[in-house]
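Asks: Attaching a single structure in structure tokens format; questions to follow.
The values are calculated or read from the model by the stated rules, or taken from the named source; none is laboratory data. Note that the structure is a prediction, hence the values are computed from the model and not measured. Positions of Cβ are generated from backbone atoms using ideal geometry, with glycine treated the same way; all protein chains shown enter the neighbour counts.
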């Protein structure tokens, strides 16, 4: 039951608008090609294709704009406004994001020049518009390289569909009016085919393989919290396709200002303890504490049981949560060991990633202080999450 | 390049001797002969501010019209260009795109100094700072003549303006004003589209005035002898003389100077008719056919217009009765279609289609709808190009259909006349020549 | 409704024209196409009821070849 924060919405919107923008850009390219082959029927005269092309292009730009704005506003990944227009300046997946930046630059030039079409030199307009052909493949590669969803079946179907659509339209364009400019057409056709084959090969060996996030340049601080098995570091939204149980990135870390760093953890604790009686003679004890130092998290431990004569509690039930301020219940579990002032917790998050903690506290009236340490299971032991 | 290239015969005994006077009298083109014949160039004195205006007024009073083909009143063209045009350019159009015309060649190899005199006078009057003489790149004689004359003038200290020779590509349409200026500005020699023909042509914002070589030669004479002298010969509303190129079944084909208003028949007779003539192509390849019955028409704009013809580029190309006017027209049309600059759809496709129809007609191969289709296509092509090229072809073909009507009917019924396969009379490129039939 | 006081006619720059044919699709009443797809414009001013469509045709032309021009008023 992870709280869906506003920053998660930004994250979802970035990815969604990116996909929609790609679909619309594909539509724009295809429609543009259809105007150049002068497609027209009685029901759909030629001018309608030009009109549609313009409208779809503008709509695409709206979604590109949303995609850009949500990406920059999402403070999780360090992408600033500069990276929107200056390529290769983002610490997040510098190269692949940079391709998207170049695509945006080209699209901006094409859009502005087209809006001002009647006022600028026709040759200038045509030259810029030819550049539009470059913006589309850049967007595709950007999506596959930066995007976190290529492994999803339906996303890949969309991308393949877009590529097929553009290839089909290109094929038509290159054969219409043959054999004029035969040399150029053959070169263009060969280049396109080679490019698509290269794209497929790269996609299969790159983004679709585990570990892509790290290889693509995701900053280390963002790579996975727990479950950082060597094979599949978890960047926001990426998951390890090879691990059978892991669900998709929706269960991922919240895109909030505070995230749990990677374990191991060792931090001081400070907090409060409250106790009340329940009906039937049981008592309920709750410890709420915050860590301090490099680890920013809260831990909440609830114990229910019968008070023992010695002042402790004979534990019947327990519940514990642990997480960063933005998602305090990220890890849930219970007490698995109680020994004086030492509490052993066994927790797991929604994906089933395990976290075992040892909490040592001293109580003074209703204040508690102590230490929290993570134990085993956190790094490198490759325990695959349990599917619940 | 040309199937039959008339020699630049410029007979020295002439009907009129004004522009070609130095050549007629001395047979030489050098500056001494020129000055001996015409006297010094009347250049303005320093500080004579009204000189330019007086020259323009003299030209106007003389009634000089452009000798390049359009026949526009020269004074009006000059007047529109006066005013302080800094860095204006005067372009001398000696491109002679008409294959059947040789007059620019005669001028530049026979009397280049008279042309250059006129150029200097006009340049002074309009405030130009530069003279560019344009000679097609395939006309070596003309180029040599200009080159030599420029050298002589420089040597004698007579060049008052920077003057240079340029060699644009020699195609039919490259002599058109806007095409010429486009080439001088650094682009291809393609005619330009102008929404308003009145706007000045420019080369990088410097205005350019284009005048044909013959017009400038006449200006040089008017400046020396005055408008009254100019009007002593000629025709009402068409005073003075002009150069014509006579070709066809005549003993002495070539360039000669005639007084405007001379009947076409007289011009031909002076050249020595050697075979019965069926028709005469007047003006150029964008001109019209004149039937033999109308050869008494005075050679002047008014009378020619009355019979649907025009002076044009001064071409008077006769064909004998043994030739086939339909075949000649078909070859010319094919040539003209190939000479399209290729910029405008109706010209490129329309002229090609018209030429194909005519070739079929000439061979007697046509179907029953050919004439109807041809007439329809002519109407479709006319006026739909950026320049006058397609209009000229339409004019030519329509006049052929009318003048050779009897032959056209025979051809359309599959009975081409005997002369269709003969050697072409009118010079066209070899590919155009063989389009219709082989020639031996 | 503004009163059209000036009369305009359609003209085409034949060099720029590339026979896309949008103009003939938008205003077929006054623009026809020849056998090769190039526009044949009707003579005279554009009828007022077609003026907006004519302006649209001018805007839509991919080569900006079509334009509107004030009809010269003949002097009395």
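Asks: Any residue at all in region B:111-128 that is assigned to a loop (DSSP other than H, G, I, E, B), crowded, with 24+ Cβ neighbours inside 10 Å and outside the structural domain of residue B:338 (by TED's automatic domain parsing)?
Replies: Within region B:111-128, one or more residues are assigned to a loop (DSSP other than H, G, I, E, B), crowded, with 24+ Cβ neighbours inside 10 Å and outside the structural domain of residue B:338 (by TED's automatic domain parsing).
Yes or no, residue by residue, for (1) within 14 Å of chain C (Cβ to nearest Cβ); (2) touching a helix residue (DSSP H, G or I) at 6+ places or on another chain (Cβ under 6 Å); (3) part of a helix (DSSP H, G or I); (4) touching a residue at least 60 places away in the same chain (Cβ under 8 Å):
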| residue | (1), (2), (3), (4) |
| --- | --- |
| A:9 | no, no, yes, no |
| A:12 | no, no, yes, no |
| A:16 | no, no, yes, no |
| A:23 | no, no, yes, yes |
| A:31 | yes, yes, yes, no |
| A:47 | yes, yes, yes, no |
| A:50 | yes, yes, yes, no |
| A:58 | no, no, yes, no |
| A:61 | no, yes, yes, no |
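Asks: Then there is this: In the set B:186, B:151, which member is assigned by TED's automatic domain parsing to the domain that holds residue B:124 and either assigned to a loop (DSSP other than H, G, I, E, B) or touching a residue at least 60 places away in the same chain (Cβ under 8 Å) (or both)?
Replies: B:186
Asks: Please state which of the following conditions residue B:261 fails to meet, knowing it meets all the rest: (1) surrounded by fewer than 24 Cβ atoms within 10 Å (Cβ to Cβ); (2) on the phi < 0 side of the Ramachandran plot; (3) in contact with a strand residue (DSSP E or B) (Cβ under 7 Å, 6 or more places away or on another chain).
Replies: Result: residue B:261 passes all but (2).
Asks: Still on this structure: Being under 20 Å from the mean Cα position of the chain (by Cα), more than 14 Å from chain C (Cβ to nearest Cβ), within 22 Å of residue A:196 (Cβ to Cβ) and touching a residue at least 12 places away in the same chain (Cβ under 8 Å) is the requirement here; does residue A:76 meet it?
Replies: When the stated conditions are applied, residue A:76 does not pass them.
Asks: Which residue is nearest to the chain's Cα centre (by Cα), if the candidates are limited to region B:378-432 and must be surrounded by fewer than 19 Cβ atoms within 10 Å (Cβ to Cβ) and within 14 Å of chain C (Cβ to nearest Cβ)?
Replies: So the residue we want is B:388.
Asks: Are any residues in region A:322-346 part of a strand (DSSP E or B) and surrounded by 21 or more Cβ atoms within 10 Å (Cβ to Cβ), and if so, which ones?
Replies: Within region A:322-346, A:322, A:323, A:331, A:343, A:345 meet the criteria.
Asks: Next up: Could you tell me whether region B:302-319 includes any residue that is surrounded by 24 or more Cβ atoms within 10 Å (Cβ to Cβ), in a helix (DSSP H, G or I) and either outside the structural domain of residue B:407 (by TED's automatic domain parsing) or at negative phi (or both)?
Replies: No, there is no match, as no residue in region B:302-319 is surrounded by 24 or more Cβ atoms within 10 Å (Cβ to Cβ), in a helix (DSSP H, G or I) and either outside the structural domain of residue B:407 (by TED's automatic domain parsing) or at negative phi (or both).
Asks: A follow-up question, please. Suppose we filter A:242, A:279 for residues that are modelled with pLDDT of 50 or more and more than 25 Å from residue A:322 (Cα to Cα); which single one remains?
Replies: Within the list A:242, A:279, the selection yields A:279.
Asks: Looking at (1) touching a helix residue (DSSP H, G or I) at 6+ places or on another chain (Cβ under 6 Å); (2) modelled with pLDDT of 70 or more, which is the one condition that is false for residue A:235?
Replies: Only one criterion in (1) touching a helix residue (DSSP H, G or I) at 6+ places or on another chain (Cβ under 6 Å); (2) modelled with pLDDT of 70 or more is unmet by residue A:235, namely (2).
Asks: Would a scan of region A:1-20 turn up a residue that is farther than 30 Å from residue A:324 by Cβ, assigned by TED's automatic domain parsing to the domain that holds residue A:116, modelled with pLDDT of 95 or more and over 16 Å from the mean Cα position of the chain (by Cα)?
Replies: Within region A:1-20 (the criterion being farther than 30 Å from residue A:324 by Cβ, assigned by TED's automatic domain parsing to the domain that holds residue A:116, modelled with pLDDT of 95 or more and over 16 Å from the mean Cα position of the chain (by Cα)), the answer is no, since none of the residues qualifies.
Asks: When you scan region A:184-191, do you find a residue that is in contact (Cβ under 8 Å) with a residue 24 or more places away in the chain and part of a helix (DSSP H, G or I), even just one?
Replies: no
Asks: Without any contact (Cβ under 8 Å) to a residue 24 or more places away in the chain, under 30 Å from residue A:12 (Cβ atoms) and in the same structural domain as residue A:64 (by TED's automatic domain parsing): does that describe residue A:86?
Replies: So residue A:86 passes the test.
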